[in-house]
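Encoded as structure tokens, the structure appears first; notes follow it.
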Amino acid sequence: MEYRLVKVDRAADGGYTIGPENHMGASLLPREMKRLAEEVHHPAFGFLLHLGRWKADEAEGDAMVAPWTVHTHFDAKTAVHPDAEEKVRSLLAGGYKGYWGVEYNAPNNQYVEMEWIIGAVKRIVSNASRVELE
């Protein structure tokens, strides 16, 4: 426990946040990520949320960790998901104020594909934010 708190305190002293991305192992379980955040309970601790990347509680996972999300990743699967705007709205409702990142390794035409996904994410965030403000 002491080691963990030293790392989080170091992040706070340096003006940055630290924490995991939900990519493998226990980080793919949103209830476990929520438990971890509640245990650490420090403003310099947060998650890089890879939207929709869960092995359990997939429908509510993003909203479950929204209060601790400090950065996001969209991939191509999320950018075309019918609930993409709702995922963004749930993060905004949870207080998310960070950046909307893209993690996408297009198999071909990388420049064109990046233009597509960046435009798609802009549209999703704009639409979700507009509904949030109405």
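Every number here is computed from the coordinates shown, using simple stated rules; none is lab data. The structure displayed is predicted, hence computed values, not measured ones. Cβ: placed from backbone, ideal geometry, glycine included. Neighbour counts: every protein chain shown.
Name the residue, out of Ala66, Ala26, that is surrounded by 12 or more Cβ atoms within 10 Å (Cβ to Cβ), in contact (Cβ under 8 Å) with a residue 24 or more places away in the chain, part of a helix (DSSP H, G or I) and of a type outside the set (Phe, Trp, Tyr).
From the options Ala66, Ala26, the qualifying one is Ala66.
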*Residue check, Glu38 against (1) within 25 Å of Ala12 (Cα to Cα); (2) touching a residue at least 24 places away in the same chain (Cβ under 8 Å); (3) surrounded by fewer than 16 Cβ atoms within 10 Å (Cβ to Cβ), all met but one. Which one?*
(2)
_If I filter segment 79-134 down to residues being farther than 21 Å from Met64 by Cβ and among the basic types (Lys, Arg), which single residue comes out as nearest to the chain's Cα centre (by Cα)?_
Lys122
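Please go through segment 69-87 and give me each residue that is among the hydroxyl-bearing types (Ser, Thr, Tyr), under 19 Å from Thr17 (Cα atoms) and either in contact with a Gly (Cβ under 6 Å, 6 or more places away or on another chain) or in a helix (DSSP H, G or I) (or both), ordered by number.
Thr72
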*asked:* Just the residues that are more than 20 Å from Leu92 (Cα to Cα) and touching a strand residue (DSSP E or B) at 6+ places or on another chain (Cβ under 8 Å), please, taken from segment 21-52.
replied: His23, Ser27
_Among the residues that make up segment 88-111, is at least one of them of a type in the set (Asp, Glu) and in a helix (DSSP H, G or I)?_
no
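Table: residues versus (1) surrounded by 13 or more Cβ atoms within 10 Å (Cβ to Cβ); (2) in contact (Cβ under 8 Å) with a residue 12 or more places away in the chain; (3) touching a Lys or Arg at 6+ places or on another chain (Cβ under 6 Å).
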| site | (1), (2), (3) |
| --- | --- |
| Asp75 | yes, yes, no |
| Thr78 | yes, yes, no |
| Glu85 | yes, yes, no |
| Ser90 | yes, yes, no |
| Gly95 | no, yes, no |
| Asn105 | no, no, no |
| Val112 | no, no, no |
| Ala120 | yes, yes, no |
| Val125 | yes, yes, no |
_All positions within segment 70-93 that are closer than 16 Å to Phe47 by Cα and out of contact with any helix residue (DSSP H, G or I) (no Cβ under 6 Å at 6 or more places or on another chain)_ = Val70, His71, Thr72, His73
*Got a sec? Which of Ala12, Ala56 is farther than 30 Å from Gln110 by Cβ and not in a helix (DSSP H, G or I)?*
Ala56
